[in-house]
Structures are given as structure tokens and as C-alpha cells.
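Here the structure comes first, spelled out in C-alpha cells, and everything after it is commentary.
The values are calculated or read from the model by the stated rules, or taken from the named source; none is laboratory data. The shown structure was predicted, so the numbers you read here are calculated from the model rather than taken from an experiment. Glycine also receives a Cβ, built like all others from the backbone with ideal geometry; neighbour counts cover every protein chain displayed. All accessible areas refer to the heavy atoms of the entire protein, side chains included, with ligands and DNA or RNA removed. Shrake-Rupley method; radii C 1.70, N 1.55, O 1.52, S 1.80 Å.
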Amino acid sequence: MNIVIEKAKACNLQEIADIEKEIFSTPWSLKNITDTFKNENNCFFVAKDLESGEIVGHICLETVLDEGILTSIAVKEKYRNKGIAKKLMDSFIDEAKNRNIAFINLEVRASNAPAIALYEKYGFEKVGTRKNYYSKPTEDALLMMLNF
Ligand SMILES: CC(C)(COP(=O)(O)OP(=O)(O)OC[C@H]1O[C@@H](n2cnc3c(N)ncnc32)[C@H](O)[C@@H]1OP(=O)(O)O)[C@@H](O)C(=O)NCCC(=O)NCCS
């Protein structure tokens with residue numbers, strides 16, 4: 001397995017939508033992904049398996065002035081625990097710094113221990129809760145923030 005992280009291209013968006021559908025109970029649609037991709041305030045990175053050419057994960061940075069938002073990160077199940085999310089996060093953080101982002105916010109399901117551990121590894125701290133924020137199933141969101 002030879003994984004590289006690249007900025008997403010328009011031809012990757014269907015595969016990003018397929019991963020969203022495979023993993024999340026309320027996935028981003030291809031239309032939402034395409035609209036987000038077309039806005040230059042935002043940036044997607046994909047993890048690509050060079051042997052198969054397959055997109056195996058993605059991360060999305062959205063920005064509003066000096067605020068960054070991590071709106072989605074996902075790695076296909078059979079590619080997990082191989083450090084791919086860390087590679088995606090490294091590119092994401094570099095991009096945020098290049099864009100002079102002062103802080104990054106995100107929301108995560110309160111029960112999502114792998115994602116919370118990943119975010120804490122990168123210095124994100126819990127700053128609040130949104131009660132019953134998620135559906136399918138209903139669950140609280142933890143709000144996490146990273147200050148640069
Ligand atoms: C969260 C997710 C992106 C991690 O991807 P991954 O490629 O398996 O993660 P990595 O192998 O790069 O691991 C990075 C770190 O994440 C944490 N982590 C990953 N899997 C974990 C698990 N099963 N349990 C606890 N911590 C875990 C660890 O801190 C790990 O660092 P370490 O290996 O040095 O201990 C992946 O599990 C996923 O796609 N989950 C479903 C989608 C999702 O929940 N996204 C977040 C929505 S807010």
C-alpha cells in the first residue's frame with residue numbers, strides 16, 4: 001500500500017461522496033460536496049492508494065475569515081489504523097496555517113472515541129456540547145477547538 005495525500009480534483013468528488021455514503025448515516029450529497037469544492041474558501045484533501053488509484057479517505061477544511069472548520073474526515077474501513085487520518089490531518093493543518101487561520105472548530109459525536117482521540121492528538125480541546133445535535137441516531141455533539 002502506497003498512500004499519498006493530494007488536494008482533491010473535480011474528478012475525485014464522486015469517490016468522496018461514495019465514502020461519505022458508506023460511512024455516515026447522514027452523508028454529504030455529491031451536490032453539497034461539489035458546491036463546497038467550488039468555493040475557494042474551502043479545501044479538500046484526499047488520500048489516494050497509488051497501487052489501485054482508489055481514493056480511500058478525505059478531509060475538508062472550510063474557512064470564514066480567520067476561522068477554520070473541519071467539516072469532514074473519513075477513512076475507508078479496511079484502510080483504518082494505518083496512519084492515513086494522521087497524514088490527512090497534517091496536510092489539513094499545514095493548509096490552515098498557510099491560509100493564516102487563527103483557530104479551527106469542529107463537531108464530533110460524543111461517542112466517537114477514535115475521532116476524539118485523533119483530534120486530541122492534534123491539540124484540539126473540548127469547549128462545549130450541543131445537545132441532540134446529531135440524528136440517526138440522536139446524539140450530542142462535542143465542540144472541539146484548536147488555537148494556533
Ligand atoms: C476517525 C478516523 C478518520 C481515523 O482514521 P485512521 O486512518 O484509522 O486513523 P490513524 O490510523 O491515522 O490514527 C490516528 C489516531 O487516531 C486515533 N485512533 C484511530 N483509531 C482509533 C481507535 N479505533 N480507537 C482509539 N483511537 C483511535 C489514535 O489517536 C491514532 O493515533 P495513534 O495510532 O498514534 O494511536 C476513522 O476511524 C474514520 O474514518 N471513522 C469514521 C468517520 C468518522 O467518524 N469521522 C469523524 C467525524 S467527526
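Applying the criterion of being more than 19 Å from His58 (Cβ to Cβ) and aromatic (Phe, Trp, Tyr) to the residues of region 103-138, the residue that is most open to solvent (accessible area, probe 1.4 Å) is Tyr133. Output the residues belonging to region 13-63 that are within 19 Å of Val108 (Cβ to Cβ) and exposed (fewer than 12 other Cβ atoms within 10 Å of the Cβ). Glu22, Ser25, Thr26, listed by residue number.
Each residue in region 64-102 was checked for being away from the ligand (no atom under 11 Å from the Cβ) and either buried (at least 20 other Cβ atoms within 10 Å of the Cβ) or not charged (D, E, K, R) (or both), and 12 pass.
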